[in-house]
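Participant: Handing you a structure now.
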Amino acid sequence: MITVKTNSAERLPGKSTNTYDVNGNIDANYDASKLGVNIAPGLPNAGTIVKPMRGLVADGLNYAGDTFTGKANPIADSGRLAGNYIDGWKATAAQGPEAFAKRLGNVSGSAAFEVGSMALPATKLSKLSTLSKMGGTAERLVAREVVVAETTGPRLIGSYTPSANLKFGTTLFGDEAHAPASRMLTDELTSRGVPLGSIIDRTGPGLRGVDMSIDPIYAKKLGFEHIEIKPNSESGLSTMNRQIRKWDYDPRSVRPVTYDANGNIRDGFNF
Amino acid sequence: MEALDYFMEGRFSEAIDAFRCKLTNEPDDIAWVDGLAKSYCEVGDFVAALPFLEHVHNYQKAKNPDSPGQQLQLSCAYWCLDDRARAIALTRELCASILDRSINMAPDQAGGATFGLILHYMSATTGDVDNYEYALDYLRKLNIKYDKRPTQFRYPVLTVKQVLGEVSFEDVLEGVTNERTLAAALRATVTSRLVKSELGIALFHDGTLQRITDNEIGCRKRMSQVFELGYQTESIRWYLARNEIAKFK
């Protein structure tokens, strides 16, 4: 479940950690938890993608309290606007999925995928554009994120049929699950512009280490450098966390993908 | 536009300028180094690409010692710069590292078939019998694994099998695109970049096989077809095909 705190009284303490380049573009390096945003375990990718937007919200709130910039600062205004949209969509969420669908227009199971496909607009959002354009983009992003969280849970990447003689949680089940999962992920990554040669795979049976890695330039675009595939279980999560520490990776650089007993491959954990 | 936007849109000359600007401001950001390396490769300036490829390679090896890093890209760069002995040595080292398990990651889901296929192409092109036999032996070893656990591996398994004479080019086409004719297979690339990438690989290695049978015209035709798929097909084969076409001219 996603919780988004938007009340200005709950704004971030102190200045943001955002940096601005010479063109005024924002690199929103926010820790979601510091923003008061709890990203659903199943939404690491969506969380990453909307991070710039959330950074914008937080920046807006910070700047709004700054009498030197105030309303004259377009970041402040768009931050407020994005915050209002979050509140608006949360209110709609309380009315149920049908209300969401009605407000959003044509929400389907592909809503989750749309979050992923909006990576580029999300990046563009960080540019200081016109107020209305930013507000509109923020609304779509927030709406889709909330819809995904409220109605679909962790994003389903795809499914396969597990062999009947294999038991969920065993090494053999895991070996079998890794092959279709890596195929689905490769398909998804290439569709998002990552060439095959930049996707390094280690999902073969018996291989140790993180399952997939992508080259740095694409990691920059997608918000993660590695993918780890695990059973959707408490032990799967704890194993993954232990491995990430052992590998000395930044946890934010790892996209968790899970499989379940029915052969569903999803983004993140949801057990 | 951002450097990354230029790059993703295939505007590589503009991407080079933008990445250089990024690197001036953020010299330690490995993403900009990688972007610049790739942009130089895309425009065919491998001399400029080499130091940046080395930088990214060292970064990746430091983080994952059992990763191939950018060694295949470096090999391809040396190949295109006509340092063929070094290119072959680097590619063979990748194959050997897969066999002794000092490298556990590969740019495919076929246990490192990519390295063997590229070595097969390079050795066939230069007439290097020792490395040609080594490549075939490497691919045979992988093929044993494929037969033991057929559900665990993916394309380019079929191209390995074609190189080993077990399946036809049409079988490979069907495996990649669900079509048995090239015309229909090309239409299938419109909707999927993965299919476009895999078709590029299939065409490239079919071209190599035609070269081995002294059908150089057929080989050139295949290389042209790979090139015409554009930069969005598999990048190593695209660079190599472009290099072949430059040689024709």
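Participant: Provide Rg and Dmax in Å for segment B:139-191, with only Cα atoms included in the calculation.
Facilitator: In Å, with Rg to one decimal and Dmax whole: 12.1, 34.
Participant: Turning to a different aspect of this structure: What are the ³J(HN,Hα) values, in whole Hz, obtained from phi via the Karplus relation 6.51 cos²θ - 1.76 cosθ + 1.60 with θ = phi - 60°, for each residue of segment B:233-239 in sequence order, with x given for Gly and Pro?
Facilitator: 7, 4, 5, 4, 5, 5, 4
Participant: May I ask you to order A:202-213, B:211-222 by the average number of other C-beta atoms within 10 Å around their residues, highest value first? Each step should come with its number before you reach the end.
Facilitator: On the way: A:202-213: 19.6, B:211-222: 15.1.
Listed from highest to lowest mean packing, they are A:202-213, B:211-222.
Participant: OK, next. Pull up all non-local amide H partners of A:LYS230: gap of 5 or more, or a different chain, and H-to-H distance under 5 Å with H placed in the peptide plane.
Facilitator: Residues meeting the amide H criterion: A:VAL257, A:THR258, A:TYR259.
Participant: Can you work out the base-10 log of I(q)/I(0) for segment B:1-63 at q = 0.22 1/Å, using the Debye formula on its C-alpha atoms alone?
Facilitator: The calculated log intensity ratios at q = 0.22 Å⁻¹ are -0.82.
Participant: While we're on this one: Could you pull out every residue, at least 5 positions away or on a different chain, whose amide H is within less than 5 Å of the one on A:SER159? Hs are placed 1.01 Å off N in the peptide plane, and Pro or chain starts have none.
Facilitator: A:ILE265
Participant: Turning to a different aspect of this structure: Choose one of B:ILE201, B:ALA184, B:GLY230: the residue whose Cα lies farthest towards the positive end of the charge dipole of segment B:146-249 (beta-carbon charges +1 Lys, Arg; -1 Asp, Glu; about the Cα centre).
Facilitator: It is B:GLY230, whose Cα lies furthest towards the positive end.
Participant: Could you work out how far apart the two model spin labels at B:THR181 and A:SER159 are, taking each label as a point 7 Å from the Cα in the direction of the beta carbon, and quote it in nm?
Facilitator: Taking the simple label geometry, B:THR181 and A:SER159 are separated by 3.6 nm.
Participant: Please list the three semi-axes, largest first and in whole Å, of the ellipsoid equivalent to segment B:152-249, using sqrt of 5 times the eigenvalues of its alpha carbon gyration tensor.
Facilitator: On the way: eigenvalues 75, 55, 27 Å².
Working from the Cα gyration tensor, I get semi-axes of 19, 17, 12 Å.
Participant: Report Rg (one decimal) and Dmax (nearest whole number) for segment B:167-223, counting Cα atoms only, units Å.
Facilitator: Considering segment B:167-223 through its Cα atoms, Rg and Dmax are 11.2, 35 Å.
Participant: Now for a different question. Just to confirm my numbers, what's the Cα centroid distance between segment A:185-226 and segment B:38-108 in Å?
Facilitator: That distance is 17 Å.
Participant: May I ask for the angle, rounded to the nearest 10°, between helix B:84-99 and the longest principal axis of chain B, with both axes built from Cα atoms and the value confined to 0 to 90°?
Facilitator: 70
Participant: Counting partner chain Cβ atoms within 10 Å of every residue's Cβ in A:180-187, what's the average?
Facilitator: Details: counts 2, 0, 3, 4, 0, 1, 7, 4.
The shielding value for this peptide is 3.
Participant: Kirkwood hydrodynamic radius for chain B: how many Å is it when counted over pairs of different Cα atoms? Mind showing how you got there, number by number?
Facilitator: Details: mean 1/r = 0.0538 Å⁻¹.
The answer is 18.6 Å.
Taken together, the values in this text are just the output of simple stated rules run on the coordinates, not laboratory data. Worth saying up front: this structure is predicted, and the values here are computed from it rather than measured. Using ideal geometry, Cβ is built from the backbone for each residue, glycine included, and neighbour counts are taken over all protein chains shown.
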